[in-house]
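Enquirer: If you scroll down you'll find the structure; I have some questions about it.
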Amino acid sequence: MPIYQFEGVRPVIDPTAFVHPTASVIGDVIIGPGCLVGPGASLRGDIGRIVMHAGSNVQDNCTVHVFPGKSVTIHEQGHVGHGAVLHGCTVGRNALVGMNAVIMDDAVIGEESFIGAMAFVKAETIIPPRSLAAGVPAKVIRELSADEIAWKTEGTKVYQELARRYLATMRECEPLRSMTTDRPVLPPIGYKPKHQQ
């Protein structure tokens, strides 16, 4: 796993957090308990601090960086979807950043808010708590329902459980050469996309 100190500052990774071996973590990065950092993610704390609080996740191919003198904070249970870019911003407690969204410097995503996939949140934008925002540039569309927030909370629990499962069972291996008749099937997790609810 490429974990690098930079100018004497070493990342801090809680032993209950999972950081995929292909993720890159550099410098002033603090990853809290139960967090998950997915394959190909880059957390580059070379000109500012990056903090992932307990139970948050940064998924595959995300980029987290800062403007000089700024920081990125992902609060408890923050959920950052595949390919998203966070730059010098704050993601509130139990908020969701959709796939390939971009959140710019000094933007604040309020707690329990959702940012739609592919959205662009301009610098210094404040998204109020419990809001759905989407578009380029992102605009608040409406308030989220309790059911939508509960659905998101359950999704984040899936990633917290994945962190535990990865730590316990993921090992590098050689692939099989052919399919076996007794191949195990991974157990279902009982969580569905929102459109199938």
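Readers should treat all values here as calculations from the given coordinates under stated rules, not as data from a laboratory. Keep in mind that this is a model prediction, so the values were computed, not measured. Cβ: placed from backbone, ideal geometry, glycine included. Neighbour counts: every protein chain shown.
Enquirer: For THR153 and THR16 in one chain, what is 0.36 nm times their gap in residues minus the Cα-Cα distance, to one decimal in nm?
Expert: 47.4 nm
Enquirer: Taking the simple approach of a point 7 Å from Cα along Cα-to-Cβ for both GLU172 and ARG142, what is their distance in nm?
Expert: Going from the GLU172 label point to the ARG142 one covers 4.9 nm.
Enquirer: Sticking with this one: As a test, work out the antiparallel percent of DSSP beta bridges whose residues both lie in region 3-143, rounded to the nearest 5. Spell out each step's value before the answer.
Expert: Working: 5 of 47 bridges.
Roughly 10 percent of the beta bridges in region 3-143 run antiparallel, per DSSP.
Enquirer: Give me the orientation-averaged projected area of the Cα convex hull of region 48-96, in nm², one decimal. Could the numbers behind the result be given before it?
Expert: On the way: hull surface 11.1 nm².
Computed as one quarter of the Cα hull surface, the answer is 2.8 nm².
Enquirer: Bin width 10 Å, alpha-carbon pairs only: give the P(r) of region 1-98 as whole percents, running from 0 to the bin holding the largest distance.
Expert: Computed distribution, short to long bins: 20, 58, 22, 0.
Enquirer: Next question, about the same structure. Quick check: from the Cα gyration tensor, does the chain come out rounded (a/c under 1.5), prolate or oblate?
Expert: Here the chain falls in the oblate category.
Enquirer: Where does each of 88-98, 68-78 land if you order them by average Cβ count within 10 Å, highest first?
Expert: 88-98, 68-78
Enquirer: Using 0.36 nm per residue, how much length does the chain from ILE3 to ARG183 gain when fully extended, once their Cα-Cα distance is taken away?
Expert: Difference between extended and current length: 61.4 nm.
Enquirer: Convert each backbone phi in region 141-147 into a coupling constant with the Karplus relation 6.51 cos²θ - 1.76 cosθ + 1.60 (shift: θ = phi - 60°), then list the ³J(HN,Hα) values in order as whole Hz, x for Gly and Pro.
Expert: 9, 6, 7, 7, 7, 4, 5
Enquirer: Sequence-distant or interchain residues sharing an amide H contact under 5 Å with PHE6, placed H: which?
Expert: Those qualifying (amide H under 5 Å, at least 5 residues apart or on another chain) are GLY27.
Enquirer: 5 Å is the cut-off here: which amide hydrogens, built 1.01 Å from N in the peptide plane, fall below it relative to SER42, excluding neighbours closer than 5 in sequence?
Expert: The answer is SER24, CYS62, THR63, VAL64.
Enquirer: Can you tell me, using C-alpha contacts under 8 Å and at least 6 residues apart, the relative contact order of region 3-143 as a whole percent? Intermediate values should be presented prior to the final figure.
Expert: Details: 494 pairs, mean separation 18.4, N = 141.
Here the relative contact order equals 13 percent.
Enquirer: Still on this structure: Amide H neighbours of SER71 under 5 Å, at least 5 residues apart or on other chains, H built in the peptide plane: list them.
Expert: When sequence neighbours closer than 5 places are left aside, there are no close amide H contacts.
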